[in-house]
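Some notes on the structure that comes next.
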Amino acid sequence: MKNTSAVAVRKGVLTAIILIFLQLINMTAALGAMLEKMITSAKSVKSVSPLFYGVIVALVAFFIAFSFIRSLYRPGKPKPTPLYCLGESLVIGLVSGVLIAALNALISTLNANGVKIRTYLDMMAPDAIKTAAFGREIPVMIGIYLALTIAGALLGGLIAWIIKSTGQPANAWAALQRAIAENHTIRFIRRNKIVRILVIIAILIFVFALPFILSPYGISILGLVLIYAVLGLGLNLIVGLSGQLVFGFVAFYAIGAYTFALLTAPKPLGLEFSFPIAFLVALAISGLSGVIVGLPIMNLRGDYLAIVTLGFAEIIRSLVNSNLLADFTGGPQGIKDIGQPRQPGFIESLIGKPMPENIYFLYVIMIFFAVTLYIVYRLQYSRVGRSWEAMREDETVAQACGVATSYYKVLAVIIGAVIAGAAGALYASRNTYIGPGDFVFMVSVNSLAVIVVGGMGSIPGALIGAFIIKGVPELLRDLENYRMVVFGVLLIAMMIIRPEGLLPIRRKKIYAEPDKDLEILKKELKP
Amino acid sequence: MTEKTPKRTQHILETEDIIINFGGLTAVNNVNVKVPYQSIFSIIGPNGAGKTTFFNCISGFYKIDSGTVFFQGRPINGIPTDEVANLGISRTYQNIRLFSSMSVIENILIGQQPRLRSNSVDAIFQTYRNRREEKQSIQKAANLLDFVGLSGYANELSRNLPYGAQRRLEIARALGNNPHLLLLDEPCAGMNPHESDAMIELINTLRSELKITIILIEHDMKVVMNISDHIVVLDHGEKIAEGTPEVIRNDQRVIEAYLGSETETLVEKYARRKNQGKQAE
């Protein structure tokens with residue numbers, strides 16, 4: 001028991017460290033403001049009210065105490081008594097309260113004495129210090145902090161104890177899953193073919209209605225997410241399936257985008273091809289670039305490949321950025337007025353008026369996404385996809401099993417390049433403007449992140465990953481400056497909780513009845 | 001084996017003076033073997049004798065420094081490993097090397113790679129060829145799984161199989177290639193007597209029913225003496241003896257290679273040390 005008290009003190013220190021860190025980067029206030037915005041539904045909150053600031057402080061203590069008390073319930077150990085739980089929570093609250101109050105007392109005193117804290121701690125403006133002190137005198141402030149952390153921790157401990165001792169909601173997740181597995185309606189949907197088709201139709205109708213439901217902002221985000229999903233599917237073939245680390249994936253994306261842009265824009269080449277022709281040429285050129293990159297790297301493995309492709313991407317970016325080629329590529333200014341697909345006539349006659357541009361384009365992206373999905377799915381669950389996976393697992397053995405590794409490597413790079421080129425052309429057409437700034441190294445990193453987060457080699461994973469990498473930062477806009485901090489924390493947490501990705505690759509079940517006849521096998525095995 | 005020079009076609013595999021060096025070390029030195037069709041041919045020798053290196057030379061993992069490997073009368077050294085597999089040479093590995101995060105049946109489907117023809121275009125458009133080939137290869141994989149006694153495991157991940165099952169899966173994967181020649185690298189390593197008996201039976205069936213020639217590396221003398229038609233003994237990369245199990249069993253050089261020529265002096269040395277230790281107490 002003495003041992004766990006020491007742990008409780010440590011947890012208290014941890015709470016204090018988190019609180020201090022949050023305060024020093026002024027995130028407590030930002031989170032408080034976000035909470036206030038949500039609850040009071042105010043449009044914007046200039047300075048957070050002390051109430052919500054306090055709630056955030058208490059919440060931190062609450063979660064630490066909650067998880068600590070929960071962790072006391074281990075199989076084989078005696079169940080802690082409620083009084084003991086409360087005592088431990090009290091320790092956490094007390095320790096963290098004292099520490100955070102001490103920090104604030106120090107800062108407030110220094111501030112009162114005219115020390116410019118801002119020169120040392122960027123975020124600690126006098127206003128922020130005042131907010132952190134709840135606008136009160138130091139002794140009152142210390143009391144408030146102690147009260148907040150202790151109350152938060154006690155509540156956390158209490159709730160953890162209630163949950164653990166009643167055992168009801170603790171297994172709620174497992175219970176829910178069991179319920180889903182045993183539920184007759186869901187089983188009915190899974191088994192019954194007609195119902196399944198109806199459900200699929202309902203989903204399709206929803207997907208088709210989606211562009212009309214969403215706001216223009218939502219449409220633009222969804223478009224970007226889907227383009228990244230296409231990009232992710234392409235990279236998935238190369239990295240997730242065939243296991244080759246390609247760092248410069250943006251090169252193919254840029255080649256597709258620039259080919260399309262140059263062919264359709266009035267300047268600098270003045271070709272102004274129509275969408276389908278330019279799109280097909282863009283696919284062909286990016287495929288060709290795949291061959292050019294693929295052939296020399298045919299016999300490279302692992303790290304070398306990453307470096308070569310990284311170099312290739314930089315070459316492409318420098319080329320389009322250079323003034324030398326500005327007459328052909330637009331140089332640093334980029335390319336304007338890139339062509340868009342024309343709406344076929346039947347849409348207008350069907351709904352009476354032309355569809356809004358952004359909605360129509362979202363449909364175009366959706367169609368290309370669906371086509372890519374189909375191709376990738378077919379490839380993955382075929383002889384080709386299996387060979388790629390075998391190469392990823394063990395290249396030497398795969399080759400000894402008869403997989404022509406050089407061929408399959410180049411094939412993966414080419415198909416991935418074509419898909420990336422398609423994504424690039426769509427991006428260019430959607431934006432109507434592209435410049436060298438659109439094809440920086442971060443695009444490669446993001447597309448890698450898409451498949452790592454979603455799950456290497458998993459097709460639905462690429463969609464989920466694209467949503468998380470491109471969609472979630474937009475949802476987090478309310479956090480303003482802390483957006484990327486929270487996003488980073490989310491990514492780290494996700495990779496700790498699910499290292500294999502959110503939707504890891506699922507093996508397709510293959511069934512066949514053995515013939516149980518040696519004669520048939522003999523015939524089959526005739527060399 | 002007759003004394004006169006045999007025709008190439010009488011032997012499925014023949015090596016002529018193959019030498020392979022790793023830096024200053026000669027791992028395989030002038031080894032000549034002649035493996036007759038449909039035989040079980042064993043290679044034995046102490047650890048580090050160059051047995052696995054010899055396998056790697058045949059299957060094309062290593063480039064040999066000099067000499068020639070003939071497979072069905074045709075030189076095969078220098079060609080890539082996937083083409084060696086296409087010719088009908090399959091192998092297993094000393095430390096099991098399955099595609100561990102793929103399912104059991106997928107492992108066997110990969111093994112059939114050299115016998116499949118459909119390509120990526122077939123796969124995307126689901127052509128007739130693709131569907132027929134997929135169906136046939138899955139059926140064959142199921143039959144192979146049944147043959148090695150793993151039919152219940154088809155959709156398990158191969159890394160989750162028990163050890164002995166993984167060994168048998170490796171053999172099934174190698175069989176997917178419809179091999180003429182199967183190289184088995186210590187198939188009975190780490191097995192209990194019961195399991196090795198089952199393995200012996202499996203290997204015998206491979207030869208008698210499926211007409212496959214087998215080259216075997218094995219440390220378990222019971223297995224080797226039981227099933228081999230012919231044995232070659234390697235030591236320090238050189239062939240020191242060759243013949244039927246009876247010949248090898250009584251060969252003085254083989255005994256020395258395994259136990260060391262100074263075995264007795266070593267025993268004496270340890271006995272002396274032991275005595276010294278007792279006196280010190």
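The values are calculated or read from the model by the stated rules, or taken from the named source; none is laboratory data. In this text, all values refer to a predicted model and were calculated from it rather than measured experimentally. Here Cβ is always computed from backbone atoms with ideal geometry, including for glycine, and neighbour counts include all displayed protein chains. These area figures cover heavy atoms from the full protein model, side chains too; ligands, DNA and RNA do not enter into them. Shrake-Rupley method; radii C 1.70, N 1.55, O 1.52, S 1.80 Å.
Here are the numbers:
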item: Positions from region A:394-413 whose accessible area shrinks by 50 Å² or more when the full protein complex is built, not the chain alone, probe 1.4 Å; result: A:Val397, A:Gln399, A:Ala400, A:Cys401, A:Gly402
item: Within the accessible area of chain B (1.4 Å probe), percent carbon and sulfur; result: 48 percent
item: Span from the region A:70-115 Cα centroid across to the region A:245-263 one, whole angstrom; result: 54 Å
item: Trypsin sites (Lys or Arg not before Pro) lying in DSSP loop within region B:23-106, provided at most 14 other Cβ fall within 10 Å; result: B:Lys63
item: Nearest-ten-degree value, helix A:303-321 long axis tilted from longest Cα axis of chain A; result: 80 degrees
item: Per-residue mean of C-beta atoms belonging to partner chains within 10 Å, peptide B:106-114; result: 6
item: Lys, Arg +1 and Asp, Glu -1 on Cβ, resulting dipole of the protein assembly as shown about Cα centre, debye, nearest 20; result: 2280 debye
item: ³J(HN,Hα), Karplus 6.51/-1.76/1.60, whole Hz, each residue of region A:252-263, x for Gly, Pro; result: 5, 4, 5, 5, x, 5, 5, 4, 4, 5, 5, 6
item: Positive dipole terminus of region B:98-175, leading residue within B:Ser137, B:Leu98, B:Leu161 (C-beta point charges); result: B:Ser137
item: Relative contact order %, chain A, counting alpha carbon pairs below 8 Å whose residues are six or more apart; result: 17 percent
item: Centroid-to-centroid separation of region B:111-155 and region B:72-92 [C-alpha atoms, Å]; result: 22 Å
item: Of B:Glu242, B:Glu186, B:Glu156, the one that fluctuates the most in a GNM where chain B has Cα springs shorter than 10 Å; result: B:Glu156
item: Threshold 50 Å² - residues in region B:42-63 whose accessible area is reduced by that much or more when the chain is no longer isolated, probe 1.4 Å; result: none
item: Listed residue (A:Ala398, A:Tyr511, A:Met442) projecting farthest to the positive dipole end of chain A, Cβ model; result: A:Tyr511
item: Region B:98-175 - charge dipole about Cα centre, Lys and Arg +1 at Cβ, Asp and Glu -1, debye rounded to 20; result: 200 debye
item: Accessible surface of chain A [probe 1.4 Å, protein heavy atoms]: carbon and sulfur percent; result: 68 percent
item: Neighbouring partner chain Cβ atoms per residue of B:146-158, average, 10 Å criterion; result: 2
item: Cα→Cβ-extended label distance, 7 Å offset, between A:Leu491 and B:Glu195, nm; result: 4.4 nm
item: Heavy-atom surface of chain B, accessible at 1.4 Å and reported per residue (Å²); result: 46 Å²
item: Proximal lysines relative to A:Lys164, as straight alpha-carbon distance under 30 Å, when same-chain residues fewer than 8 apart are discounted; result: A:Lys2, A:Lys11, A:Lys77, A:Lys79
item: Amide H within-cut-off set for B:Ile43, under 5 Å, with H built and near neighbours excluded; result: B:Leu216, B:Ile217, B:Glu218, B:Val232
item: Pairwise burial B:A, computed as accessible area of each alone minus the pair, summed, 1.4 Å, Å²; result: 4200 Å²
item: Neighbour-limited loop hits for trypsin sites (Lys or Arg not before Pro), region A:1-100 (at most 13 other Cβ within 10 Å; DSSP other than H, G, I, E, B); result: A:Lys43, A:Lys46
item: Helix A:50-72 vs. chain A, principal-axis angle (Cα, 0 to 90°, nearest 10); result: 80 degrees
item: Rounded to 10°, Cα long-axis angle of helix A:193-213 versus longest principal axis of chain A; result: 80 degrees
item: Karplus 3J(HN,Hα) series, Hz, for region A:21-26 with 6.51 cos²θ - 1.76 cosθ + 1.60 (x for Gly, Pro); result: 4, 4, 5, 5, 8, 6
item: Residue-averaged beta-carbon neighbours from other chains (10 angstrom radius) around A:516-526; result: 5
item: B:Gln38 long-range amide H proximity, modeled H, under 5 Å; result: B:Thr213
item: Most positive-pole-ward Cα, A:Leu94, A:Leu241, A:Gly457, against dipole of chain A from beta carbon charges; result: A:Leu94
item: DSSP loop chymotrypsin sites (Phe, Trp or Tyr not before Pro) with at most 13 other Cβ within 10 Å: longest gap in chain A; result: A:121-510
item: Neighbour cut-off at most 13 other Cβ (10 Å), DSSP loop, trypsin sites (Lys or Arg not before Pro), region A:495-527; result: A:Arg506, A:Lys508, A:Lys509, A:Lys516
item: For region A:452-458, Karplus couplings with θ = phi - 60° (6.51, -1.76, 1.60), whole Hz, Gly/Pro x; result: 5, 5, x, x, 4, x, 9
item: Å² per residue, accessible surface of chain A at 1.4 Å; result: 51 Å²
item: Of A:Lys522/B:Lys222; B:Lys51/B:Lys211; A:Lys267/A:Lys470; A:Lys116/A:Lys470; B:Lys63/B:Lys211, pairs whose Cα-Cα distance is over 32 Å; result: A:Lys116/A:Lys470
